[in-house]
Amino acid sequence: MPTIKLAPSILTADFGRLAEEVRAAEAGGADLLHLDVMDGRFVPSITFGHTLVAALRKETSLPFDIHLMVVEPERQVPFFIEFADTVNVHIEVSPHINRTLSEIRRLGARCGVCINPGTPLEAIEESLAEVDQVMVMTINPGWGGQRMIPAQLEKVRRIRSMLEAVNPRADLMVDGGVKASNAGQCVAAGANILVCGSSVFAPGTAVAANLSALRRAAG
């Protein structure tokens, strides 16, 4: 059984005190930091670019998991590669996905492929042997704080089975609506990295306590 890792997403953090929130996540035992880059085209929202990522890199030693929710992600990879430990791109906007994955790795980062709830598994099947990580969106991407779509856990199970056959060392990440109440289900389905946003950065709560609750729930 692989080690379960928690990846707080800054999407629901307090941007007015973002550096403080990031430091609290590191002190609270986060394993990596998840950064959602949105362009207002692939998803409706716009978040931030490489300037903010560069600034946060100075505030923490946590690995950075960059999630490019953008059209033509291959054009954006060079802007983030300096700060990224992993760069994830969506199959829905990556017609030459294996080439993009190879370029991410050539530039020095781990490569990940993301798949949306409505996208069939066949879209990424031919890329599974090439990836370091698969990210299953368990919400429709674009906003934090959404509820998990429970049916997507079956997709997680199927991907884990496929990875065991062709690439057992690859990480399997769940992104969207992860809470203490469902973290165990995500792990049981085969995920070993849990992206957690509003369940960590909830107003009026302690980041460290929230991370501890998630880790207990994940087993």
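Bear in mind that the values in this text are calculations on the coordinates, not laboratory data. All values reported here derive from a predicted model rather than from experimental measurement. FYI the Cβ positions are ideal-geometry reconstructions off the backbone, even for glycines, and counts take in every protein chain you see.
A compact table of results
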{"read-out": "Qualifying residue in segment 71-84 (condition: in a loop (DSSP other than H, G, I, E, B) and under 14 Å from the mean Cα position of the chain (by Cα))", "value": "yes"}
{"read-out": "Failed condition for ARG105, given (1) closer than 22 Å to ALA24 by Cα; (2) of a type in the set (D, E, K, R); (3) surrounded by fewer than 19 Cβ atoms within 10 Å (Cβ to Cβ)", "value": "(1)"}
{"read-out": "Criterion violated by GLY16 - all others in (1) under 14 Å from VAL207 (Cα atoms); (2) loosely packed, with under 15 Cβ neighbours inside 10 Å; (3) small (Gly, Ala, Ser) satisfied", "value": "(1)"}
{"read-out": "Restricting segment 154-171 to residues that are outside any helix (DSSP H, G or I) and under 16 Å from the mean Cα position of the chain (by Cα), the residue that is surrounded by the most Cβ atoms within 10 Å (Cβ to Cβ)", "value": "ALA170"}
{"read-out": "Long-range neighbours under 9 Å by Cβ, at least six apart or interchain, first residue without any contact (Cβ under 8 Å) to a residue 24 or more places away in the chain within segment 170-198, second in a loop (DSSP other than H, G, I, E, B) and not hydroxyl-bearing (Ser, Thr, Tyr)", "value": "ALA188/GLY219"}
{"read-out": "When residues of segment 135-153 are limited to those that are assigned to a loop (DSSP other than H, G, I, E, B) and of a type in the set (A, V, I, L, M, F, W, C), the one nearest to PHE201 (Cα to Cα)", "value": "TRP143"}
